[in-house]
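For reference, the structure discussed in these notes is given below.
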Amino acid sequence: QRLLDLSSEMSTNLTTKGYYTATNLLPPNIIKTMRTQCIKLRHNNRFEQSWSERVTDDGSTVRFDKKGVYACEPDGSDYDLAPDVIVYMSVLLQTLPAALSQQNYPTEQMQLSTSAFNAKLAVTEAG
């Protein structure tokens, strides 16, 4: 329910800032559990160097690594290591498109789809 309660704020921030962050979405005990599970994913080599692409002046794309950033795209095969993370991400992926597509929300016209959503975990190293 908390996710739905924040959907209007999420929609506004996504369209004005391009991102949304929250520190009050989950209780501390759930955050601690999922953090422990993410550490298990990291210890099982599920994170890899994160990268992005930029478009050059001639329209081609060039890949570049994000220094100190490692990413993981958890899937069902990670359930034994991170069951709460997998369930939480599944709920997000199934809930957010409909929640953000509500009438009169800034994101209403984006035509968000549950089939086009994806989730990624990322960690950064100090320095």
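Electrostatic bookkeeping for Val91 treats Lys and Arg as +1 and Asp and Glu as -1; over the other residues with beta carbon under 12 Å from its beta carbon, the sum is 0.
For region 57-127, what is the convex hull (Cα atoms) projected area averaged across all directions, in square nanometres?
8.1 nm²
Placing +1 on the Cβ of every Lys and Arg and -1 on the Cβ of every Asp and Glu, with no other charges, gives region 1-70 a dipole of roughly 500 debye about its Cα centre. Taking Cβ atoms as reference points and 15 Å as the exclusive limit, the residues near Asn118 contribute a net charge of -2, counting Lys and Arg as +1 and Asp and Glu as -1. Bridging of Lys67 to aspartates and glutamates at a Cα separation below 14 Å is possible for Glu48, Glu53, Glu125, once same-chain residues fewer than 8 apart are set aside.
Please compute the Kirkwood hydrodynamic radius over the chain, one decimal place, Å, based on all pairs of different Cα atoms.
Evaluated over the chain, this radius sits at 16.7 Å.
Here is how the number arises for the chain: DSSP H runs of 4 or more residues each give -39500 (n - 2.57), the sum is divided by the residue count, and the result at 222 nm is -11500 deg cm²/dmol. Between Asn29 and Ser115, full extension at 0.36 nm per residue minus the direct alpha carbon distance yields a gain of 27.9 nm.
Computed from the Cβ-Cβ distance with R0 of 30 Å, the FRET efficiency linking Tyr20 to Ala71 stands at 0.95.
Run the accessible area of region 6-127 with a 1.4 Å probe and give the carbon-and-sulfur part as a rounded percent. Don't jump to the answer; show the numbers that get you there.
Numbers: 4200 of 8510 Å².
Ligands and nucleic acids excluded, carbon and sulfur reach 49 percent.
Can you list the residues of region 62-80 with backbone N under 12 Å from a point 7 Å past the Cα of Arg42, pointing along Cα to Cβ? Within reach of a label on Arg42: 69-72. Of all lysines in the structure, the ones whose alpha carbon falls short of 17 Å from that of Lys66, not counting any fewer than 8 places away in one chain, are Lys120. Straight-line reach from Lys17: which aspartates and glutamates have Cα under 17 Å away, leaving out those fewer than 8 places along the same chain? Lys17 reaches Glu9, Glu108. The slack between Val123 and Gln103, meaning 0.36 nm per residue of separation minus the straight C-alpha distance, is 3.7 nm. Give me the net charge for the shell around Trp51: Cβ to Cβ below 12 angstrom, other residues only, Lys and Arg +1, Asp and Glu -1. Local charge sum for Trp51: +2.
In the context of the full set of protein chains, the chain has a per residue accessible area of 71 Å² (1.4 Å probe).
The values are calculated or read from the model by the stated rules, or taken from the named source; none is laboratory data. Fair warning: this is a prediction, and the values are worked out from it, not measured in the lab. Methodologically, a virtual Cβ is constructed for each residue, glycine included, from the backbone with ideal geometry; neighbour enumeration extends over all protein chains shown. For accessibility, only protein heavy atoms count, side chains too; no ligands or nucleic acids. Shrake-Rupley method; radii C 1.70, N 1.55, O 1.52, S 1.80 Å.
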